[in-house]
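Here the structure comes first, spelled out in structure tokens, and everything after it is commentary.
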Amino acid sequence: MARRLKILESHTDLCALLDRWVIHQMKSVSGGLGYPRKSLDFAYIQSPASSIDPTGYAAEDHSDTDAAFASLCEADLQLAAAIKMHYMPWTIMALMGEGYPFSPDKTFYNRLVRAHVWMESELFRVLEERKSKNRENIRKYA
């Protein structure tokens, strides 16, 4: 998990989501997301494994974050590199080799804050789209 910076205090919820998203990404790549459909102790209770991540984030949150990060990569590679360097420290050397600034450079911190603002606005946009679709469906079938 990334260390907490004072400049990101206004984005604590997003930081927590991105921390969990990176862990989810690493587990999905390595095949470590195999949650059992039933607990051996509670065999009478059954719920779909993909509906809710045990960390409290739904699978929908992870897919929304994937989409937001992909669109950030398309929109601005410098902001995406700042997010990668902060949350995925194993990418730092490769991205520094490509010429992206890193800590303690002020440009890095500026891009990191701008990337968080961008990701937050993109996630809110996705949420609003989903809400409007739900409203349309309610009106349609009411």
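Derivation of every value follows stated rules applied to the coordinates shown; laboratory data play no part. All of these numbers come straight from a predicted model, not from anything done at the bench. Cβ placement follows ideal geometry from the backbone for every residue including glycine, while neighbour counts extend to all protein chains displayed.
Within a straight-line Cα-Cα reach of under 26 Å, Lys6 can be paired with the following lysines, leaving aside sequence neighbours fewer than 8 residues apart in one chain: Lys84, Lys106.
Between Arg130 and Ala67, the modelled labels are 0.8 nm apart [label points 7 Å from Cα along Cα→Cβ]. The residues neighbouring Tyr100, those whose beta-carbon lies less than 10 Å from its own, together hold a net charge of 0 under the Lys/Arg +1, Asp/Glu -1 convention.
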